[in-house]
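Pasting a structure here, questions to come.
The values are calculated or read from the model by the stated rules, or taken from the named source; none is laboratory data. Quantities reported herein were computed from a predicted structural model and do not represent experimental measurements. No Cβ is skipped: glycine too gets one built from the backbone with ideal geometry, and neighbour counts run over all protein chains shown.
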Amino acid sequence: MFWRTVNCISQQLSPYLTLYMSSLILNELAGGRDLTKLLTYAYITVGGEFLLRVIIHFINWMAYKYESLQWYHEDMFFLEHQNRMKYEHLEEPKVTELRNQIAMMKDHMAGGLIQLYWCYWFVIASTVNIILSVSLTASMLTMTAEGNFSGFFAFINSPVSSVVVLVLIIINVVVQIYSSNKETHKSYEIWNDFTKKNIRVQSFLRHDGSDCVIFDMRKLILDETLNVWLDKSYYISSNKISLKYNNYRTIWTAIMNIALFVFIGAKAYIKVFGIGSFVLYRGTVEKFINAVSTFGTRIGRLFENNKYLLTLYEYLDLPNEMAAGKRHIAKREDNRYEIEFKNVSFKYPRSDDYALKDVSIKFNTGDKMAVVGMNGSGKTTFIKLLCRLYDPTEGEILLDGVNIKEYDYTEYLGLFSVVFQDFSLFSVSIGENVATSLDYNEEKVRECLEMTGFGDRLKTLEKGVKTYLTRKYENDGIDISGGEAQKIALARALYKNAPFIILDEPTAALDPIAEAEIYSKFDTIVGGRTAVYISHRLSSCRFCNDILVFHEGKIIQRGSHDKLVSDKDGKYRELWHAQAQYYT
């Protein structure tokens, strides 16, 4: 901000230096024509202009350097705020709409913090312009010519003309601020309505998968996009408002322009000042008019920009209960932690039905636990509560006897390596995807990929772990199958080396041979860590020493595979035989 302010002031000085020195040169040419003075004025003009240009160039470089950092810190600030928010808030439509509005403000409307920033230095620039122009022309208002004049020239030579000019200037400033404020206010209302439609369009444009080609969705996407962008009501309303208030500003600026130039020309005609001063006053008044127009417009936008800022503040004021815990988790080399669900019940936001009801369970480090049940039985909800993506509606979850809400949220998340069924891989290198960092141990990455069965494919890649995924941003990137993506996601969970590893359908995308290979390495992959599986393939449960059977939000059975399959009336046996008939 400092460098941009200095830059604004420096840039405004340059034209005034040229105007002032040019007036001195013209006055000297019209008067004594002293060569020494003329050369001195010329040297000062050229030298001063050159020096100012050098200074402005340097300051511009400094300003852009710090501006880049400023926008980076702004993006990081919002990202950190998002990461600290409760997961349930992130899924709310209101929060999604706020985030999209902020993105639209920044990318398309230049509202919010960007508008505040640019308006600030436009106001600084126009204020400096006004101060400089007034300081150079103030004397013009009080200067009079000697002699007797009649009619119009008598009026020009009297103080009344100066008062009229000042009144016109004040009216013009008020008109500029008022019209700009009204225009921005009405434009905001139209933009707010259009944003909701445009958010939907952007969601369409992000779909570029094979299903769009196979089902010829491109026409649907194009039609939906055109329905918004060719919405005549939006453009007609927007253009009408812009034209209406621009006309107000243009008319009043023209009136003031004419009045000032007539005023200056008439004063020059009756020889209140010379030709050089006329050039100075004419140029200075022109800059004054532009500065007043800019000042009024930007002040109006600053006032109206408060609506955009309120959207930002509303987002930043969203509660952040997850960050409330301050207690540190004890670091243990043996990773022996005990987690207990104690009478836990949970309802999703805006739902009256329990997704989990009165769940009580305790498990220790080293357990190999499977979580099974039909769709909607509460399996995924159980895992989300365990990872503290949500907090229980009733009951509590304890870590070593302490409510997990009391622990530092980031430290608690550090206990878990999770592979959700809808995991994401990014268009960065394989190594960065596995390590989730720019800096990583290449050997450890390769070991993790080898353990999950990606080793053979990795050997065929010229750049190894530095190979980029997808060709969206890198021409030499690679496309991978669903099974290969799942292996990389598994490797990411192993690389983190957390005490608890949670796998949601870890082999769903793998072929039977790859799945058998993973299970044969089960103990090696998991090691001494606690492993929790969500699986529809009950064959995977045979590798676990503890199985939880969920039904309608409750744990209805618990035990080993042999114990549960022998229970003739149990849900697990029913599910087991329902699957077994397709493999016999």
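How many residues, within the range 473-493, are crowded, with 16+ Cβ neighbours inside 10 Å and outside any helix (DSSP H, G or I)?
The total comes to 3.
Which residues, counting only those in the range 134-155, are closer than 17 Å to Ser277 by Cα and either of a type in the set (Phe, Trp, Tyr) or in a helix (DSSP H, G or I) (or both)?
Val134, Ser135, Leu136, Thr137, Ala138, Ser139, Met140, Leu141, Thr142
Are any residues in the range 133-161 modelled with pLDDT of 85 or more and either in contact with a Pro (Cβ under 7 Å, 6 or more places away or on another chain) or more than 14 Å from Ile270 (Cβ to Cβ) (or both), and if so, which ones?
Pro159, Val160
Something else about it: Please work out which residue is surrounded by the most Cβ atoms within 10 Å (Cβ to Cβ), limiting yourself to the range 419-432 and to residues that are over 18 Å from Asp504 (Cβ atoms) and not aromatic (Phe, Trp, Tyr).
Ile430
Additional query: When you go through (1) within 17 Å of Pro499 (Cβ to Cβ); (2) modelled with pLDDT of 90 or more; (3) surrounded by fewer than 17 Cβ atoms within 10 Å (Cβ to Cβ) one by one for Ile404, which number turns out not to apply?
(3)
Can you find, within the range 116-140, the residue that is nearest to Thr284 (Cα to Cα) among those that are touching a residue at least 24 places away in the same chain (Cβ under 8 Å) and of a type in the set (S, T, N, Q)?
Only one residue tops the list, namely Ser133.
Still on this structure, please answer the following. Tell me the residue from Ser417, Ser424 that is under 14 Å from Arg492 (Cα atoms) and without any contact (Cβ under 8 Å) to a residue 24 or more places away in the chain, please.
Every option except Ser424 fails the conditions.
Please go through the range 287-337 and give me each residue that is closer than 30 Å to Ile131 by Cβ, surrounded by fewer than 18 Cβ atoms within 10 Å (Cβ to Cβ), in contact with a helix residue (DSSP H, G or I) (Cβ under 8 Å, 6 or more places away or on another chain) and not hydrophobic (A, V, I, L, M, F, W, C), ordered by number.
Matches in the range 287-337: Asn290 only.
Restricted to the range 338-368, and to residues that are within 35 Å of the chain's Cα centre (by Cα) and farther than 16 Å from Phe382 by Cα, which residue is surrounded by the most Cβ atoms within 10 Å (Cβ to Cβ)?
Ser351
If you take the residues of the range 143-169 that are out of contact with any helix residue (DSSP H, G or I) (no Cβ under 6 Å at 6 or more places or on another chain) and under 28 Å from Ser14 (Cβ atoms), which of them is surrounded by the fewest Cβ atoms within 10 Å (Cβ to Cβ)?
Only one residue tops the list, namely Leu166.
Between a residue in the range 534-553 that is in the same structural domain as Phe382 (by TED's automatic domain parsing) and any residue that is at pLDDT 90 or above and surrounded by fewer than 17 Cβ atoms within 10 Å (Cβ to Cβ), which pairs come within a Cβ distance under 6 Å, given they are 6 or more apart or on different chains?
Hits for this filter: Leu548/Arg558; Val549/Ile556.
Among Thr470, Thr460, which is out of contact with any Pro (no Cβ under 7 Å at 6 or more places or on another chain), over 25 Å from Lys379 (Cβ atoms), in contact (Cβ under 8 Å) with a residue 40 or more places away in the chain and surrounded by fewer than 15 Cβ atoms within 10 Å (Cβ to Cβ)?
Residue meeting the stated conditions: Thr470.
Which residues, counting only those in the range 374-395, are surrounded by fewer than 19 Cβ atoms within 10 Å (Cβ to Cβ) and under 11 Å from Val359 (Cα atoms)?
Of everything in the range 374-395, those that are surrounded by fewer than 19 Cβ atoms within 10 Å (Cβ to Cβ) and under 11 Å from Val359 (Cα atoms) turn out to be Glu394, Gly395.
Conditions (1) aliphatic (A, V, I, L, M); (2) in the same structural domain as Gln579 (by TED's automatic domain parsing); (3) over 13 Å from Ile555 (Cβ atoms), marked per residue:
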| position | (1), (2), (3) |
| --- | --- |
| Glu338 | no, yes, yes |
| Val359 | yes, yes, no |
| Gly366 | no, yes, yes |
| Val371 | yes, yes, no |
| Asn375 | no, yes, yes |
| Thr381 | no, yes, no |
| Leu398 | yes, yes, yes |
| Asn403 | no, yes, yes |
